[in-house]
Amino acid sequence: MSFRTYRAGTMKEALAQVRRDLGGSAVILGTREVRRRRLFGLGSRELIEVTASSDASASVTVPKSTASPSGALQAQFGEQLSRLHAMVEDLSKHGRIDHLLPDLPSELVPTYAQLLEAELPEVLARRLVRYVAERLEPEQVHRPEMVRDALCDAVESCVPIAPPIAAVSGTRRVVALVGPTGVGKTTTVAKLAANFKLAHGFRPGLVTVDTYRIAAVEQLRTYAEIISLPLAVANAPSEMRRAIDELGDVDLVLIDTAGRSPRDEVKIRELADFLAAAQPDEVHLVLSATASERSLRAAVERFALVQADRLILTKLDEADGLGGVLSVLGQADRPVSYLTTGQAVPDDIEPANRTRLARLILGHEAVT
């Protein structure tokens with residue numbers, strides 16, 4: 001059997017090396033964690049070792065020798081050959097990746113690689129593939145459509161969903177949107193307002209506290225004029241209740257807030273003061289799907305101060321992959337209420353749907 005061994009810092013990097021050298025039809029023979037000593041013996045580094053072959057049908061052959069090796073060499077050769085035979089026999093019978101993914105059918109290795117390519121962390125990818133393996137019968141893992149459906153179910157189990165904003169005619173409901181700069185809060189507010197008025201017949205009103213960016217206030221004012229909505233501005237927390245009352249007899253108050261850097265704790269505390277004065281029924285944290293997993297986690301952590309209870313995911317049409325989003329959703333402990341898929345007002349927004357979001361994350365469905 002012709003096989004090669006690759007070492008890398010992560011499973012994704014190791015599989016990329018295998019795919020580069022051996023092609024997409026390479027067979028994974030085994031994986032394990034190894035420890036490599038650093039220079040001068042200073043500490044060590046954990047690596048992922050992957051053994052792969054480009055020929056799944058190859059068998060182990062032992063060249064004949066015309067001379068008998070010495071006793072010590074014979075023992076060493078015999079031990080190595082026994083290990084190789086055992087590995088090949090075990091893989092042929094059970095088809096599994098050892099150590100990192102025990103008892104995983106070899107047919108699910110491409111699924112694992114697919115998740116890594118979608119930017120999912122290795123820990124989460126392992127969890128999802130194990131979920132699939134546990135729910136399929138041995139004969140079902142050979143059927144791509146069943147693997148696909150089981151994987152979608154696994155991702156759905158990690159995606160909490162909130163119902164859309166529940167406006168009630170004749171009852172004023174207050175909803176605030178918060179989040180980092182550049183995630184599309186103002187455009188999202190305009191989309192929500194237009195939909196509630198034009199599609200559902202409610203009477204929305206807008207409040208902006210984005211007094212740091214004159215352009216943002218004017219943008220929202222333009223939307224308000226086009227849709228014929230009342231707009232009020234609150235320059236300080238003490239003005240918030242006055243601004244809400246200024247809107248008159250509305251069914252829904254949508255509050256657009258200034259974007260805050262997750263690192264700027266002072267500004268986030270100031271935002272918390274605005275919201276405390278507004279006493280909103282719902283606070284939606286707006287996150288861009290184009291952001292890195294690290295940035296998303298930082299935003300969720302820092303904006304916890306304003307007690308956001310739901311998430312809105314924007315710019316799904318601009319994201320290269322949504323694996324980082326899934327990882328954050330699994331730990332954010334906040335459900336997703338809306339998705340936005342473009343800049344068009346009011347069209348490119350939709351209530352979050354668990355199956356739709358799972359299929360987008362896996363690349364099974366296009367963003368349209």
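Relative to the current alpha-carbon distance between ASP273 and ALA72, full extension at 0.36 nm per residue lengthens the span by 64.5 nm.
Modelled label positions at GLU225 and ASP347, each set 7 Å beyond Cα in the direction of Cβ, lie 2.4 nm from each other. Inter-label distance, GLU33 to SER295: 3.1 nm, where each label sits 7 Å from its Cα along the C-beta direction. Overall shape: prolate for region 203-338, with the ratio a/c of the largest to smallest alpha carbon gyration tensor axis at 1.5 or above and a/b above b/c. Nearest 0.05, what FRET efficiency do GLN307 and THR171 give at R0 = 25 Å with Cβ-Cβ as r? That gives a FRET efficiency of 0.70. Starting from the Cα of ASN235, move 7 Å in the Cα-to-Cβ direction to define the label point; list residues of region 251-272 whose amide nitrogen is under 13 Å from there. Residues passing the 13 Å test: none. Measuring nothing but how far apart in sequence close Cα pairs (under 8 Å, 6+ apart) lie, relative to its length, region 294-368 scores a relative contact order of 31 percent.
Any read-out appearing in this document is the output of simple, stated calculations on the displayed coordinates, not a laboratory observation. Because the structure is predicted, anything quoted here is derived from the model rather than measured. Glycine gets a Cβ as well: all are built from the backbone with ideal geometry, and neighbour counts include every protein chain shown.
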